[in-house]
Amino acid sequence: MKKLIFSLIILTLFAGLLFANGSPEEQRFFENLMKSSQPVYTNSSSSRGSSSTGSEIISRDMATLERLYQYVDQNFLYDIDYDAVYEAMATALFDALGDKYTYYVKAEESDDYAEEVSGVYGGLGIYFSKTYVDYQDPNDESTIYALITQVFPNTPSSKAGLKAGDYIIAIDDEPVNEKEATECAKMMKGTPGTSVSLTIKRGDSTFTLSITREIITVPTVEYEMIEGSTTAYLRILEFSTSTYNAISDALKDLSSQGMQKLIIDLRDNPGGDVDVTLGIADMFISNSQLLSISYKDTSRNVTYVANNNVSVSPDVEVAILVNGGTASSAEIFSAAMKDNERAVLFGTQTYGKGVMQVISSFGTGYTSITTASFVGPAGKTIHGEGVEPDYIIEELTVSDDELEAYTELINSKAVEQFVDQNPDYTTENISKFAAEHADSGIREEVLLLVARNEYLLRMTYDERPLADIVYDTVCKNAFEYLQDHENNYDASPASASGTNKKVVNF
């Protein structure tokens, strides 16, 4: 409503100035324009009438906008950048919808957007929201930061301890408040081996980290058999068009290696293609509902049901790891597996993005528009609610009291120097690093993770273990549950109503 009032005030003031100083012809032109375009600046539910259809309103508004544009073209003193005007109008159309998942990518940003979609880029190993997210600063409620939506494993960002939900408030000491998302992305990219400084806001704390850039290749699927067990580990980083075949191949390979139990890691998975996601769920579930999708046009509503056959034997027990960065299609998969009692979920409440977008090229740019909402098999709405895990396991994070010491430790390069001097990846060396910094003010379990992350970064992809059942508390709990959950696993599950939750910390 504020935007409508502001537009009316501006147009009225301009009309007053024109009547005072313009020629009679200009006065008549603008007076007629004001009369014909008045509905654009009034409340649609009252002045436009309930009988008006969307098509009628659009036709009327576009005719009015065209007259306004023609007037500007004929009378504006300076040259007009028509491309810039077009891009601004297209951007404003999507911004006015008030949905952060619906946006227009301008032509000048399309290369970066396509690069992001392709999954290969140089930088730090994070995704952050295309539209900025308001963060309520007690001193400035208007401050807007960039929200990190995903941190990829074994990248400079994961090594530095960044996580989904952190806010970037400055890059190389330059505040991001007035910068476009693409400008922020460009500032974080650069020559491999060079560093960039990120100022991060996490809760009530603010800290700055220096992170070294690398060439980042984003995989969609990683898997392995956990050493010394019949439990497999499968990490899905996003549901892209290639993910279905990659998972199909991975499951066949794991089965040939004797897989009897399976951990699926969906932490910080932002989602992706819904059809791909449902196809993967169909590998595990037979003859049961997977998802209901609701559209604006209710005749398009559809309920998806799994086929009779499955690719993975029902005898294979499944645990799924989730957190606040598990979103969209990853939540669809989690809900389908949980509601059909095909998997047990470990971690924390998922993000709660239960709406679908269609991404299309438009001219030389792209559009993303929300077209439908999701409901899980149990009839629970995903959007704004998320999916609750069966067992709530808090991930290890750096506390506010540790942040200053942690920042100093990371920026001092102490862990890099230690690993240089102790290059073997062993539990003894990791414990040795923690012991050497026991008086740093940082908990031992955090120090152990800092050292582990550095060792992992030094390994080639083939050498690097994926599952961590020692230092990763969520993965550790899932693994222990699958080994003998009937007798030895003593954590109480979270109830459906949210009461009697057992938060397990290790």
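So how many residues does region 55-102 have that are under 21 Å from T364 (Cβ atoms) and β-branched (V, I, T)?
Counting residues in region 55-102 that are under 21 Å from T364 (Cβ atoms) and β-branched (V, I, T) gives 4.
Only one of these is over 26 Å from A330 (Cα atoms) and in contact (Cβ under 8 Å) with a residue 40 or more places away in the chain: E174, E183, E222, E214. Name it.
Step by step, each of E174, E183, E222, E214 is checked, and only E214 is over 26 Å from A330 (Cα atoms) and in contact (Cβ under 8 Å) with a residue 40 or more places away in the chain.
So that you can scan it fast, the table gives a plain yes or no per residue for (1) in the same structural domain as G347 (by TED's automatic domain parsing); (2) at pLDDT below 95; (3) surrounded by fewer than 22 Cβ atoms within 10 Å (Cβ to Cβ); (4) out of contact with any Ser or Thr (no Cβ under 9 Å at 6 or more places or on another chain):
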| residue | (1), (2), (3), (4) |
| --- | --- |
| F239 | yes, yes, no, no |
| S248 | yes, no, yes, no |
| S256 | yes, no, yes, yes |
| Q260 | yes, no, yes, no |
| L266 | yes, no, no, no |
| I285 | yes, no, no, yes |
| S292 | yes, no, yes, no |
| N308 | yes, yes, yes, no |
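So is V387 crowded, with 16+ Cβ neighbours inside 10 Å and either modelled with pLDDT of 95 or more or within 17 Å of F333 (Cα to Cα) (or both) or not?
Details: crowded, with 16+ Cβ neighbours inside 10 Å: yes; either modelled with pLDDT of 95 or more or within 17 Å of F333 (Cα to Cα) (or both): yes.
So V387 passes the test.
Would you confirm whether any residue within region 474-494 is under 27 Å from the mean Cα position of the chain (by Cα), within 22 Å of T407 (Cα to Cα) and modelled with pLDDT of 90 or more?
no
Which count do you get for residues in region 175-195 that are crowded, with 18+ Cβ neighbours inside 10 Å and closer than 30 Å to A467 by Cβ?
1
Residue by residue, here is whether (1) within 19 Å of the chain's Cα centre (by Cα); (2) surrounded by 13 or more Cβ atoms within 10 Å (Cβ to Cβ); (3) not in a helix (DSSP H, G or I) holds:
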residue	(1), (2), (3)
A336	no, yes, no
Y351	yes, yes, yes
Y366	yes, yes, yes
T370	yes, yes, yes
T407	no, yes, no
Q417	no, no, no
P423	no, no, yes
D439	no, no, no
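Given the structure, is E388 under 30 Å from T199 (Cβ atoms) and either touching a helix residue (DSSP H, G or I) at 6+ places or on another chain (Cβ under 8 Å) or part of a loop (DSSP other than H, G, I, E, B) (or both)? Don't jump to the end; show me each part of the working.
Values: under 30 Å from T199 (Cβ atoms): no; either touching a helix residue (DSSP H, G or I) at 6+ places or on another chain (Cβ under 8 Å) or part of a loop (DSSP other than H, G, I, E, B) (or both): yes.
Criteria not met by E388.
Scanning for something assigned to a strand (DSSP E or B) and on the phi < 0 side of the Ramachandran plot, does region 240-260 turn up at least one residue? Spell out how you get there, then give the answer.
In the first step, residues of region 240-260 are kept if they are assigned to a strand (DSSP E or B); the result is none.
Looking for residues that are assigned to a strand (DSSP E or B) and on the phi < 0 side of the Ramachandran plot, one finds none in region 240-260, hence no.
Does G324 qualify as being assigned to a loop (DSSP other than H, G, I, E, B), surrounded by fewer than 17 Cβ atoms within 10 Å (Cβ to Cβ), assigned by TED's automatic domain parsing to the domain that holds P270 and within 20 Å of the chain's Cα centre (by Cα)?
Details: assigned to a loop (DSSP other than H, G, I, E, B): yes; surrounded by fewer than 17 Cβ atoms within 10 Å (Cβ to Cβ): no; assigned by TED's automatic domain parsing to the domain that holds P270: yes; within 20 Å of the chain's Cα centre (by Cα): yes.
For G324, the condition - assigned to a loop (DSSP other than H, G, I, E, B), surrounded by fewer than 17 Cβ atoms within 10 Å (Cβ to Cβ), assigned by TED's automatic domain parsing to the domain that holds P270 and within 20 Å of the chain's Cα centre (by Cα) - is not met.
Residue-by-condition table, conditions (1) surrounded by fewer than 17 Cβ atoms within 10 Å (Cβ to Cβ); (2) closer than 28 Å to I200 by Cβ; (3) at pLDDT 95 or above; (4) in contact with a helix residue (DSSP H, G or I) (Cβ under 9 Å, 6 or more places away or on another chain):
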site: T348; (1), (2), (3), (4): no, yes, yes, yes
site: T381; (1), (2), (3), (4): yes, no, no, no
site: L403; (1), (2), (3), (4): no, yes, no, no
site: S412; (1), (2), (3), (4): yes, yes, no, no
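The values are calculated or read from the model by the stated rules, or taken from the named source; none is laboratory data. Just so it is clear, the structure is predicted and the values come from calculations on it, not from any experiment. Don't worry about glycine lacking a Cβ; one is built from the backbone with ideal geometry, like all the others, and counts go over all protein chains shown.
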